[in-house]
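Novice: Dropping a structure here in structure tokens format, bear with me for questions.
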Amino acid sequence: MVDRSQNALLGLDRAELAALVESEGEPAYRAHQLLEAVYRQRVESVEQISTLPQQLRLKLGEKGFSMGLPRIEKRFVSQDGTVRYLIEFADCQSVETVWMPEGDGGEAGDGTQAGDLASSSAEAGPSRNWDRATICISSQVGCAVDCQFCLTALLGVKRNLSAGEIVGQVCAVLKDQRVSPPQDRINLVFMGMGEPFLNYENFMKAVRLLVAEVGVAESRMTVSTAGIVPRIHELGQEPIRPKLAISLNAPNDTLRTQLMPLNRKWNLQSLMAAAREFPLRNRERITFEYVLLSGVNDAIGSAEEVVELVRGMRAKVNLIALNPGPGISFSTPEQERVAAFQQVLIRAGIPAFVRRPRGRDIYAACGQLKRTVEIATAPGP
Ligand code: SAH
């Protein structure tokens with residue numbers, strides 16, 4: 001099979017497009033036109049790049065260049081406005097990407113700070129009921145980390161996504177939703193399928209493209225890791241980087257190793273040391289995510305252990321009540337128990353939020369991304 005992704009323009013940065021243009025004997029300004037077409041106009045085929053002369057479009061097509069915009073295979077629309085996209089790449093592998101419109105000024109639900117703006121949807125026009133939206137992006141097809149409560153783990157890992165495939169998810173969703181940053185307030189979270197830090201180079205190239213070419217500020221991006229400690233150190237040294245979230249999920253090594261086998265390799269001591277050393281920018285905090293599993297890690301005593309772990313750090317904790325799924329043997333704690341856990345953290349001076357589940361009815365919530373297609377499909381927008 002011809003690997004169409006090899007000649008995809010999406011994924012190339014400014015320097016690579018400049019080199020391509022030069023090797024084709026074209027004037028340098030064509031590189032800028034290509035960047036605009038790929039990342040801003042999100043054109044679907046080379047023939048449609050209206051800023052290029054017809055002859056050049058034909059030539060690029062004949063040479064096998066493609067835009068590389070991935071195909072939206074399916075959309076599932078939740079009652080709460082969340083859309084789960086099944087996005088397919090050139091080799092027919094697919095991942096999930098989630099669109100979460102926000103309009104209530106409530107907790108962001110995305111690993112970022114709780115919403116701070118009152119709703120001003122009237123300004124945005126009649127069809128829009130959100131001030132900002134968050135796109136949750138996948139970094140791998142499947143995942144290798146094997147967290148016991150996560151549906152994606154059941155897939156195993158199929159392959160890494162290229163930088164173009166990571167950015168392509170964002171481009172495809174922006175196009176489908178007819179929005180563009182920075183005019184529209186878009187947050188990105190690398191919290192979909194896969195472990196971004198096991199695909200570090202491609203993930204970081206995608207970040208740089210998203211900042212430079214798609215127009216999303218780095219302060220609007222958050223990457224979550226299950227705890228690949230060496231890459232936490234590396235991220236801290238990046239000149240351009242998203243904010244950091246760490247999936248803590250357990251208050252001690254015994255429990256964490258049961259729930260997240262990677263804790264054998266990078267235990268809590270090394271993880272928390274990396275977190276403490278992480279160089280934070282002005283007003284930045286590290287987020288710790290903590291999935292609450294009934295009767296497993298949701299006791300008051302566990303909350304007190306978390307307080308000891310996090311004490312003194314510029315951090316906040318996002319609590320996530322388990323989103324259930326087939327093949328997952330844990331259950332979701334009662335709301336009162338979640339609230340009691342949160343109170344222990346808050347009383348100790350640690351900002352703690354309960355992440356509002358988004359799109360549970362369509363298997364779009366945290367830990368539910370498994371390319372589930374066998375549920376009712378609502379027509380897309
Ligand atoms: N692999 C990275 C990126 C995925 S983020 C990471 O683990 O951080 C997905 C978040 O959802 C993680 O914080 C994870 O702990 C959480 N999660 C996984 N399964 C879940 C489930 N069934 N219910 C609620 N949250 C879950």
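Novice: When you go through Glu238, Glu213 one by one, which is the residue that is over 27 Å from Gln33 (Cβ atoms), over 15 Å from the mean Cα position of the chain (by Cα) and not in a strand (DSSP E or B)?
Specialist: Values: Glu213 fails: over 27 Å from Gln33 (Cβ atoms).
After applying the criteria, what remains is Glu238.
Novice: Identify the residue in region 144-161 that is near the ligand (Cβ under 10 Å from one of its atoms) and touching a Cys at 6+ places or on another chain (Cβ under 9 Å) and, among all such residues, is nearest to Pro324 (Cα to Cα). Can you show your working first?
Specialist: Taking region 144-161 first, the residues near the ligand (Cβ under 10 Å from one of its atoms) are 144-145, 147-153.
Restricting the remaining residues to those that are touching a Cys at 6+ places or on another chain (Cβ under 9 Å) gives 150, 152-153.
Numbers: Cys150: 9, Thr152: 12, Ala153: 14 Å.
It comes out as Cys150.
Novice: Could you grab me the full set of residues in region 3-22 that are modelled with pLDDT of 95 or more and over 17 Å from Arg208 (Cα atoms)?
Specialist: Here is the first cut: in region 3-22, the ones modelled with pLDDT of 95 or more are 8-22.
Once the filter is applied, which keeps residues that are modelled with pLDDT of 95 or more and over 17 Å from Arg208 (Cα atoms), region 3-22 yields Ala8, Ala19, Leu20, Val21, Glu22.
Novice: Let me ask something additional. All but one of (1) closer than 21 Å to Cys92 by Cα; (2) touching an Asp or Glu at 6+ places or on another chain (Cβ under 9 Å); (3) of a type in the set (Asp, Glu) hold for Glu165; which doesn't?
Specialist: (2)
Novice: Only residues in region 135-154 that are closer than 24 Å to Val173 by Cα count as the first member; pair them with residues that are more than 9 Å from the ligand (Cβ to nearest atom) and acidic (Asp, Glu), Cβ under 8 angstrom, at least 6 apart or cross-chain, and list the lot.
Specialist: So the pair list comes out as Cys136/Asp110; Ser138/Glu96.
Novice: Moving on to the next point. Just give me the residues in region 310-354 being within 16 Å of the ligand (Cβ to nearest atom), within 18 Å of Pro251 (Cβ to Cβ) and assigned to a helix (DSSP H, G or I), in sequence order.
Specialist: Val310, Arg337, Val338, Phe341, Gln342
Novice: For Arg231, are the conditions met, namely being farther than 20 Å from Gly312 by Cβ, over 22 Å from the mean Cα position of the chain (by Cα) and not β-branched (Val, Ile, Thr)? First the steps, then the outcome.
Specialist: Numbers: farther than 20 Å from Gly312 by Cβ: yes; over 22 Å from the mean Cα position of the chain (by Cα): no; not β-branched (Val, Ile, Thr): yes.
No; evaluated as a whole, the condition is false for this residue.
Novice: Continuing with this model, one more query. When only residues in region 273-299 that are out of contact with any helix residue (DSSP H, G or I) (no Cβ under 6 Å at 6 or more places or on another chain) and either among the basic types (Lys, Arg) or part of a helix (DSSP H, G or I) (or both) count, which is nearest to the ligand (Cβ to nearest atom)?
Specialist: Per the stated criteria, the residue is Ala275.
Novice: Can you tell me how many residues within region 235-263 are surrounded by fewer than 16 Cβ atoms within 10 Å (Cβ to Cβ) and either closer than 14 Å to Ala275 by Cβ or modelled with pLDDT under 95 (or both)?
Specialist: Looking only at that region, the number is 1.
Novice: Scanning for something within 17 Å of Ile246 (Cα to Cα) and of a type outside the set (Ser, Thr, Tyr), does region 327-344 turn up at least one residue? Talk me through it step by step, then tell me what you get.
Specialist: The initial filter retains those residues of region 327-344 that are within 17 Å of Ile246 (Cα to Cα), namely none.
No - not one qualifying residue is present in region 327-344.
Novice: Name every residue in region 332-354 that is of a type in the set (Lys, Arg) and surrounded by 13 or more Cβ atoms within 10 Å (Cβ to Cβ), in order of residue number. Talk me through it step by step, then tell me what you get.
Specialist: Kept after step one, since they are of a type in the set (Lys, Arg), are these residues of region 332-354: 337, 347.
Selection gives Arg337 alone.
Novice: Looking only at region 188-210, filter to residues that are within 13 Å of the ligand (Cβ to nearest atom) and assigned to a helix (DSSP H, G or I); which one of those is farthest from Pro242 (Cα to Cα)?
Specialist: If we take residues in region 188-210 being within 13 Å of the ligand (Cβ to nearest atom) and assigned to a helix (DSSP H, G or I), then Leu198 is farthest from Pro242 (Cα to Cα).
Novice: Another question about this same structure. Against the definition (within 16 Å of the ligand (Cβ to nearest atom), of a type outside the set (S, T, N, Q), free of Cβ contacts under 8 Å to residues at least 12 places away in the same chain and part of a loop (DSSP other than H, G, I, E, B)), how does Pro357 come out, yes or no?
Specialist: Details: within 16 Å of the ligand (Cβ to nearest atom): yes; of a type outside the set (S, T, N, Q): yes; free of Cβ contacts under 8 Å to residues at least 12 places away in the same chain: no; part of a loop (DSSP other than H, G, I, E, B): yes.
The answer is no for Pro357.
Novice: Just to be sure, is Gln33 at pLDDT below 95 and in a helix (DSSP H, G or I)? Spell out the reasoning first.
Specialist: Details: at pLDDT below 95: no; in a helix (DSSP H, G or I): yes.
No.
Novice: Moving on. Which residues, taken from region 129-148, are surrounded by fewer than 23 Cβ atoms within 10 Å (Cβ to Cβ) and assigned to a loop (DSSP other than H, G, I, E, B)?
Specialist: Listed by number, the residues that qualify are Asn129, Trp130, Asp131, Ala144, Val145, Asp146, Cys147, Gln148.
The values are calculated or read from the model by the stated rules, or taken from the named source; none is laboratory data. What you are looking at is a predicted structure, and each value in this text was computed from that prediction instead of being measured. With ideal geometry, Cβ positions are generated from the backbone for all residues, glycine too; neighbour counts draw on all protein chains shown.
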